[in-house]
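Single-structure report; data block below.
FYI, it's all coordinate maths here, none of it is from the lab. Owing to the predicted nature of the structure, the values given are computational and were not obtained by experimental measurement. Cβ atoms come from the backbone with ideal geometry, glycine included; neighbour counts cover every protein chain shown.
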Amino acid sequence: NAGVTQTPKFQVLKTGQSMTLQCAQDMNHNSMYWYRQDPGMGLRLIYYSASEGTTDKGEVPNGYNVSRLNKREFSLRLESAAPSQTSVYFCAFRGWRTEAFFGQGTRLTVV
Amino acid sequence: QKEVEQNSGPLSVPEGAIASLNCTYSDRGSQSFFWYRQYSGKSPELIMFIYSNGDKEDGRFTAQLNKASQYVSLLIRDSQPSDSATYLCAVSSSASKIIFGSGTRLSIRP
């Protein structure tokens, strides 16, 4: 998936547990993104990072935190998972034509 | 109101016909516009991008942009069963944010 590695691919959490979704790109691009996708909702932007050291809220940031560890890595953390956070999570980076290139996704279920 | 709006469909088109997908956006400062195709269980993949008003053609796909009307469309000519997928419109501002619409499900019937 275009130089983006997401881990894990699948995860089941219990309500209240925490976890971190990892994302790394090998294309040396500045901007990175986290989206969630729910049935019928398209992709909704959670957080994005325009460059190393900066992060900004997207459309649905509540319940999430992010870290832009370095230029390659952008992680998403759920501090206290809730069933409403059951979703497919996609990480992406911004290519030279300003488009988003996506990882393979993480399917998260919170029970 | 969402920043990027699409009709969720499903849109059903006979094989060989033209499929027309539409998208409107609210941020007048938007500079880049994209169409993605997403098959069930897969990641979105870029199929078209457009930056300037007018039409842009690539094979069977044509993207159309009208910034005055804040409107982007995608035409798929000679529709094939393999075109059956969800099509996502995306809009990017100068601030690096990329916002997607909710997607339109397209079904090509034989």
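Figures for the structure shown
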quantity	calculated
Distant-in-sequence amide H partners of B:ALA85 (H built 1.01 Å from N, under 5 Å)	B:LEU106
Longest site-free stretch - chain A; sites: trypsin sites (Lys or Arg not before Pro), DSSP loop, at most 14 other Cβ within 10 Å	A:15-96
Distant-in-sequence amide H partners of B:LYS97 (H built 1.01 Å from N, under 5 Å)	none
Cross-link table A:LYS71/B:LYS67; B:LYS67/B:LYS97; A:LYS9/B:LYS2, entries beyond 23 Å C-alpha to C-alpha	A:LYS71/B:LYS67; A:LYS9/B:LYS2
Estimated FRET transfer efficiency when R0 is 35 angstrom, pair A:PHE10-B:ALA17 (beta carbons, to 0.05)	0.35
Amide H contacts of A:TYR47 (H built 1.01 Å from N, under 5 Å, at least 5 apart or other chain)	A:TRP34, A:GLY58
GNM result for chain A, Cα springs below 10 Å: residue of A:LEU13, A:LEU76, A:LEU21 fluctuating most strongly	A:LEU13
Karplus 3J(HN,Hα) series, Hz, for the range B:45-60 with 6.51 cos²θ - 1.76 cosθ + 1.60 (x for Gly, Pro)	10, 6, 10, 8, 9, 8, 10, 10, 4, x, 10, 9, 10, 8, x, 7
